[in-house]
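Below is one structure, written out as structure tokens; comments come after it.
The numbers here are math on the coordinates, done by the rules we state, and not lab data. This one's a predicted model, so the numbers in the text were calculated from it and none came from an experiment. In this analysis, Cβ positions are derived from the backbone assuming ideal geometry, glycine residues included, and neighbour counts consider all displayed protein chains.
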Amino acid sequence: MNQVTQIQQPLRVALVGNPNSGKTALFNALTGSRQRVANYAGVTVERKEGSFATPEGRRISLLDLPGTYSLRARSPDEVVTRDTILGTQLGERMPDLLICVLDATNPRLSLRLVLELKRTGRPILLALNMFDIARHRGIDIDVEGLSAALGLPVVTSVAVRRAGTEALLAKLDTLAAAAAPAAAEATHQAWTPPDAAELRELQREADRIMAATVRTPRRPDTLTNRLDAVLLHPVAGLLILLAVLFLMFQAVFSWAEPAMDLIEAAFDALGSATDALLPDAGALGLLRSFLHDGLISGVGSVLVFLPQILILFLFILLLEDFGYMARAAFLMDRIMGGAGLHGRAFIPLLSSFACAIPGIMATRVIDSRRDRLATILVAPLMTCSARIPVYTLIIGAFIPNQAVGEGALGWIGLQGLVMFGLYAAGIASALAMSFVFRRLLWRRTPTEPFMLELPDYKLPRLRNVGLGLWQRAVAFLRRAGTIILAMMIVVWFLASMPPAPEDATDPAIDYSFAAMIGRTVEPIFAPIGFNWQISMALIPGMAAREVAVASLGTVYAVADAEEEPTQLSEALSSRWSLATALAFLAWYVFAPQCVATLGVIRRETNSRAWMCFSFGYMVVLAYVAAFVTYQGARLLGLG
């Protein structure tokens, strides 16, 4: 009976290791799609947990801890890892077993971490990951000798191969049978953080163990070294990075177009079916307006951009898996240093292209609070995926779909070039504002030196990339089904109520609550060329930037309800001047229209004042940029 109970109780296992050790790849290989992503209680550090069963049927609950180089814990990510191992993390049960993942191609730093983990007294299994690559490079590791020197069980693993985790699973069955319940209090009281002298001693011990158990070729000539000779070149490397980013933005338009057309056609068909099923009168007419003008036109105007967002994420995931992200940070260090940013800020800022929220959370890898705060303040200026619906809508409506030249330049589209320019404007504004903050707020604070480990290049695994895309697609659809859907119900109600009087001569929407609200705030936005429809759409757009597009879709769908329905881009091109469209784009380069981002800034800085400061300076920038753009365009005759 006790044996059955023990088998039914999942064994709690935590993966711990250096960044870029293949820890997450191993986590994905073991758990597959059976994983949950959330945040640790009390902090915004991401928490990934999954489950799987061993060959003998034992259930394992696997926790993927944030990467760390030491239990000394200098960044928020490392603090969470240390506290979870010691059993002091809020709301987190202490692991029964630690699996320390070691990069077999570069074991030196990992060995010191293993020695630190031994001092906690917790059961440890050492997994030599990427063992096949190490052997291919001529690195010879004495697995049994390493196990004897460390006094720990050691297994080899290849996380990206189907049978690469068999030895690890077999060892887990053996260790699980003897695993004792974790004693958090005793472990926490017995452990003390290592000081600098102890860390140096541990590193000497790690070097001694490595010299005795690991043999490396004298003159390694690896593909990584040959690629780095080109990709890290101070001139060629920057040109290649610029070309990669330019290709990414071109692909966002050209590759996504067929899928976007299919989604748009599907929503058009759904709207037509709704119109055919429900009459345009009475209570059913109101229901028809709600379904077609509110839900289908509103939510559909945002979902159509899902292919473009997934293409952007695809590039980011491929670059991360390939190992190019760290090289990009290395190349940008001098440029970012001149703007007052730490070199490590590049990866959080690049992550902000997808969404500012994970980008801000990724600043936890920056040790200095000043450097971390500067990165947090400028991360929302990077062009996140939520801006893609706005940019694509305006570019598609006002910028012709044509090539910028002929011959060799014939593949470069004007629309993609404008999109690239908007992304470049976001990058330039982030660097400019960090320079200003550096000079005004932290003039006397020195910048810490930039140290970064460059991982080996690896071919991206389609399974991991597919899983990452799936998770982001689900997150976007969940956002569309909650925040955007709720806001569209509110916007439809405001645009449809109260109904127009019987003797009305103007369109019915002109008598609605939406028109009242829009005209109340319109004088504030009139100098930047925004009409009452735009002014009204900006208010619910505070929930998320995409909501502004959905709001415009609903407002113009209600306005055109008695006429031949048109696409939103056609409605805008017939109602807006080019000056207004350009000012709208300028507003969205800077506008802080995302409540969730402001909330993350509040939690990460632990300060409401910094959140308000971030919101305030971006609103001022957005208004000034839109004003200059609109008035300048009018002077050029584009108004």
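Annotations for the structure displayed:
- Computed from phi, the 3J(HN,Hα) profile of segment 63-77 under the Karplus parametrisation 6.51, -1.76, 1.60 (θ = phi - 60°) reads 10, 9, 7, x, x, 8, 9, 7, 7, 5, 6, 9, 10, x, 4 Hz, with x in place of Gly and Pro.
- Of all lysines in the structure, those lying under 21 Å Cα to Cα from LYS458, and not within fewer than 8 positions of it along the same chain, are LYS23.
- Counted residue by residue at 0.36 nm each, then reduced by the alpha carbon distance between them, the extension gain from VAL474 to LEU241 reaches 80.9 nm.
- The distance between label points at THR520 and VAL436 comes to 3.1 nm (points 7 Å beyond Cα on the Cα→Cβ vector).
- 3J(HN,Hα) from dihedral phi, segment 569-583, Karplus parametrisation 6.51/-1.76/1.60, rounded to Hz, x for glycine, proline: 4, 5, 5, 5, 5, 8, 10, 9, 7, 5, 4, 5, 4, 5, 5
- Extended-chain gain in nm, criterion 0.36 nm per residue less alpha-carbon gap, ASN225 and LEU277: 12.2 nm
- Built amide H within the under 5 Å cut-off of THR156, gap 5+: LEU128
- Backbone geometry of segment 417-423 corresponds, through the Karplus equation with coefficients 6.51, -1.76 and 1.60 at θ = phi - 60°, to 3J(HN,Hα) couplings of 5, 5, 4, 4, x, 5, 5 Hz, x marking Gly and Pro.
- Residues whose amide H falls under 5 Å from that of PHE52, counting only those 5 or more places apart or on a different chain, are ILE60, LEU62, with hydrogens built in the peptide plane.
- In nm, spacing of pseudo-spin labels at VAL624 and SER574 (7 Å Cα→C-beta vector): 3.9 nm
- Cα gyration tensor shape for segment 587-639, rounded if a/c is under 1.5, else prolate or oblate: prolate
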